[in-house]
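This report concerns only the one structure given below.
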Amino acid sequence: MEIKISSDELREYGLPDCGFGGVEVLEDTITNTSRWSIHHTLVFRWIDGKTYRTEYSEGATECQSETPWEYEDFVECEEVVKVPKTIEVWEAV
């Protein structure tokens, strides 16, 4: 299920940095970088008690002025749940 939350409201609750007022950052992963931006996937617990995932980007250098959700009035957030997964990897013998 997806919901739209205003970017102002996300920032008012301290996202993407720390979260407060019932909002908690659970995971913030860098997913990609470009010359000017660092792209993140954010998982957070919202005021409704549900867990959501969304994406944002920020400036890659102190000279690059880009803040999370700067050009978005509303941010699409997808409801998620944490599930265990088993993966196989190669290791040296």
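The values are calculated or read from the model by the stated rules, or taken from the named source; none is laboratory data. Small disclaimer: the values here were computed from a predicted structure and weren't measured. Positions of Cβ are backbone-derived with ideal geometry, glycine not excepted, and every protein chain shown enters the neighbour counts.
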Please verify whether the stretch 24-39 includes one or more residues that are at pLDDT below 95 and loosely packed, with under 12 Cβ neighbours inside 10 Å.
yes
Could you check how many residues of the stretch 42-93 are among the small types (G, A, S) and at pLDDT below 95?
3
Please go through the stretch 1-48 and give me each residue that is under 14 Å from V80 (Cβ atoms), touching a residue at least 24 places away in the same chain (Cβ under 8 Å) and in a loop (DSSP other than H, G, I, E, B), ordered by number.
M1, W46
Suppose we filter the stretch 45-66 for residues that are closer than 18 Å to F20 by Cβ and exposed (fewer than 14 other Cβ atoms within 10 Å of the Cβ); how many remain?
3
Select, from Y13, Y71, the only residue that is touching a Gly at 6+ places or on another chain (Cβ under 9 Å) and among the hydroxyl-bearing types (S, T, Y).
Y13
Could you please let me know if L42 is within 12 Å of the chain's Cα centre (by Cα) and surrounded by 16 or more Cβ atoms within 10 Å (Cβ to Cβ)?
yes
Scan the stretch 55-79 for residues that are touching a residue at least 40 places away in the same chain (Cβ under 8 Å) and in contact with a strand residue (DSSP E or B) (Cβ under 7 Å, 6 or more places away or on another chain) and report the count.
10
